[in-house]
1. Tell me the residue from Lys250, Lys277, Lys194, Lys222 that is within 30 Å of Val92 (Cα to Cα), at pLDDT 95 or above and of a type in the set (Lys, Arg), please.
2. Can you name the residue in segment 210-241 that is more than 22 Å from Asp121 (Cα to Cα) and among the small types (Gly, Ala, Ser) and is also farthest from ligand 3 (Cβ to nearest atom) among such residues?
3. In segment 122-140, which residue that is open to solvent by less than 10 Å² (accessible area, probe 1.4 Å) and out of contact with any Phe, Trp or Tyr (no Cβ under 7 Å at 6 or more places or on another chain) is nearest to ligand 3 (Cβ to nearest atom)?
4. Would segment 155-178 turn up any residue that is open to solvent by less than 40 Å² (accessible area, probe 1.4 Å) and at positive phi?
5. What are the residues in segment 24-69 that are part of a strand (DSSP E or B) and either farther than 24 Å from Thr142 by Cβ or within 16 Å of ligand 3 (Cβ to nearest atom) (or both), if any?
6. Just to be sure before I move on: is Val101 more than 16 Å from ligand 3 (Cβ to nearest atom) and either charged (D, E, K, R) or in contact (Cβ under 8 Å) with a residue 60 or more places away in the chain (or both) in the structure I sent?
7. Taking the conditions exactly as written (without any contact (Cβ under 8 Å) to a residue 40 or more places away in the chain, within 16 Å of ligand 3 (Cβ to nearest atom) and closer than 18 Å to Ala203 by Cα), does Gly172 satisfy them or not?
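The values are calculated or read from the model by the stated rules, or taken from the named source; none is laboratory data. This one's a predicted model, so the numbers in the text were calculated from it and none came from an experiment. Reconstructed Cβ throughout: ideal geometry from the backbone, glycine too, with neighbour counts over all protein chains shown. What goes into the accessible areas is simple: the full protein's heavy atoms, side chains included, and nothing from ligands, DNA or RNA. Shrake-Rupley method; radii C 1.70, N 1.55, O 1.52, S 1.80 Å.
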Amino acid sequence: MTAKILDGKAIAEELRNSIKDEVERQVAQGNKRPGLAVIMVGEDPASQVYVRNKKLACEKAGFKDVSEVLPASTSQEEVLALIDKLNADDDVHGIIVQLPVPDHINPEEIIERIHPCKDVDGFHPYNVGRLATRMPQLMPCTPHGVMTMLAKTGIPLRGLNAVVVGASNIVGVPMMLELLNERATVTICHSATKDLAEQVGRADLVVVGVGIPNMVKGDWIKDGAIVIDVGINRMDDGKLCGDVEYDVAKEKASWITPVPGGVGPMTIATLLENTMKVAYQLDCKLK
Ligand SMILES: NC(=O)C1=CN([C@@H]2O[C@H](COP(=O)(O)OP(=O)(O)OC[C@H]3O[C@@H](n4cnc5c(N)ncnc54)[C@H](OP(=O)(O)O)[C@@H]3O)[C@@H](O)[C@H]2O)C=CC1
Ligand SMILES: Nc1nc(=O)c2c([nH]1)NC[C@@H]1CN(c3ccc(C(=O)N[C@@H](CCC(=O)O)C(=O)O)cc3)C=[N+]21
Ligand SMILES: [Mg+2]
């Protein structure tokens, strides 16, 4: 079987266009444009690309971009003070702190300082707890973007054997929770998993987010499985590659995401979606 391509780039563009239309409708009714603050501490080269993509997507969708780039020498207290200011600013609906942060910054304390109703990355323990108790509020952009891509393609998840490879707070764990909430039977694998090939080989749906190029071999994939590759690895020649051995896997899978052009663009579109939700829908019950 040769896989059909899950075209994240096209689905994300469609989503961003519908977000843009909704923003213009809201603005015509006298409401504010959604405001997104992306805080970047230091100049991690990979982060610069993502921050640039986010700013561009913001502008194209008619959002207000209130991003801040802080020098790498910025202290923990200074970042916390900036978050306090943005939490109190009615023009700012979403706040994210680009990860990774420099070593002297404690990311957990920063994430917990963001008001849960402005936490458009969905990383605050409050939002993680809401997702884990099946009362989702703001969901992490990468896994939720994967769910949107599957839903828009009409792929049903109920009862599928889903295997998630990678168990980070950003990707694997919220992916596991989202799939569980759709009643897939979920297995999650990580660095201590004994026989990864065997686990992947049982999967009707496999989602991989590890950060090792081509680590999931194409011949592990079950015939007809759905393959979602979250990995983004920059190779020596400057090209991007995923965590799945794409050329082999695509001959076994029924659906597969490319890298680039798969999950990455969905992450950014979902960030806009979350920010718009805060601006126009979310009824925040917290002080
Ligand atoms: N497309 C997108 O929008 C996004 C892409 N990414 C990409 O996804 C990848 C993962 O990112 P992130 O989650 O932040 O990475 P982390 O480094 O935070 O987590 C990696 C996970 O992979 C697990 N792991 C490491 N080695 C193995 C192994 N040999 N076998 C099985 N599991 C293993 C780790 O296990 P353990 O828990 O035991 O340490 C950990 O759970 C990266 O390539 C990143 O660039 C990330 C975010 C968004
Ligand atoms: N607080 C925080 N939230 C994040 O969501 C977050 C983060 N920190 N740190 C880094 C990771 C990574 N990430 C990506 C976003 C977009 C693309 C993306 O647009 N990818 C394009 C290509 C981009 C390119 O050309 O480099 C694609 O796959 O087609 C990829 C990866 C979000 N992350
Ligand atoms: Mg990480």
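1. Exactly one of Lys250, Lys277, Lys194, Lys222 is within 30 Å of Val92 (Cα to Cα), at pLDDT 95 or above and of a type in the set (Lys, Arg), namely Lys277.
2. Checked segment 210-241; the qualifying residue farthest from ligand 3 (Cβ to nearest atom) is Gly224.
3. Selected residue: Gly122.
4. Among the residues of segment 155-178, at least one is open to solvent by less than 40 Å² (accessible area, probe 1.4 Å) and at positive phi, which makes the answer yes.
5. Within segment 24-69, Met40, Val41 qualify.
6. Numbers: more than 16 Å from ligand 3 (Cβ to nearest atom): no; either charged (D, E, K, R) or in contact (Cβ under 8 Å) with a residue 60 or more places away in the chain (or both): yes.
No.
7. Spelling it out, Gly172 is indeed without any contact (Cβ under 8 Å) to a residue 40 or more places away in the chain, within 16 Å of ligand 3 (Cβ to nearest atom) and closer than 18 Å to Ala203 by Cα.
Yes/no matrix, rows are residues, columns are (1) away from ligand 1 (no atom under 16 Å from the Cβ); (2) outside the structural domain of Val259 (by the TED database); (3) in contact with a Ser or Thr (Cβ under 8 Å, 6 or more places away or on another chain):
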{"position": "Leu15", "(1), (2), (3)": "no, yes, yes"}
{"position": "Leu36", "(1), (2), (3)": "yes, yes, yes"}
{"position": "Pro45", "(1), (2), (3)": "no, yes, no"}
{"position": "Pro71", "(1), (2), (3)": "yes, yes, no"}
{"position": "Leu82", "(1), (2), (3)": "yes, yes, no"}
{"position": "Lys85", "(1), (2), (3)": "yes, yes, no"}
{"position": "Asp90", "(1), (2), (3)": "yes, yes, no"}
{"position": "Val97", "(1), (2), (3)": "no, yes, no"}
{"position": "Asp103", "(1), (2), (3)": "no, yes, no"}
